[in-house]
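Asker: I'd like to ask some things about the structure below.
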Amino acid sequence: MPGNVDKWRRLTNSFELHVLINLYKKTADADLKVIDRFKDIVANRPLMRDYRDNFALAYNNTAGQNYPWSDVLSWFW
């Protein structure tokens, strides 16, 4: 698997926080443990620190690797 393992961990931990934030209406559900899981992630796991830790995909002009909507305007002209 290519890439920096630390960055992947930060991404998955941050995404898990995002999911837990969206489960805020389920905090009373004891099985989900939303609050405990949220506290554990914030206190004990690495998170994305700043914009440099973004999850941006870099597209290029190589066939099969370019942004899928890059030529959408050419369809209309």
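The values are calculated or read from the model by the stated rules, or taken from the named source; none is laboratory data. Because the structure is predicted, anything quoted here is derived from the model rather than measured. Heads up, the Cβs are rebuilt from the backbone with ideal geometry, glycines too, and the neighbour counts pull from every protein chain shown. Please note that ligands, DNA and RNA were not included when accessible areas were found on the heavy atoms of the full protein model with its side chains. Shrake-Rupley method; radii C 1.70, N 1.55, O 1.52, S 1.80 Å.
Asker: Tell me, yes or no, whether region 46-60 has at least one residue that is modelled with pLDDT of 95 or more, open to solvent by 80 Å² or more (accessible area, probe 1.4 Å), not in a loop (DSSP other than H, G, I, E, B) and not charged (D, E, K, R).
Answerer: no
Asker: Follow-up question, since we're still on this one. Please verify whether region 64-72 includes one or more residues that are at pLDDT 95 or above and not in a loop (DSSP other than H, G, I, E, B).
Answerer: Checked region 64-72: no residue is at pLDDT 95 or above and not in a loop (DSSP other than H, G, I, E, B).
Asker: OK, next. Pairs, please: C-beta under 8 Å, at least 6 apart or cross-chain, first residue at pLDDT 95 or above and open to solvent by 90 Å² or more (accessible area, probe 1.4 Å) and in region 16-38, second acidic (D, E) and part of a helix (DSSP H, G or I)?
Answerer: Sorted first by the residue in region 16-38, then by its partner, the pairs are R37/E16.
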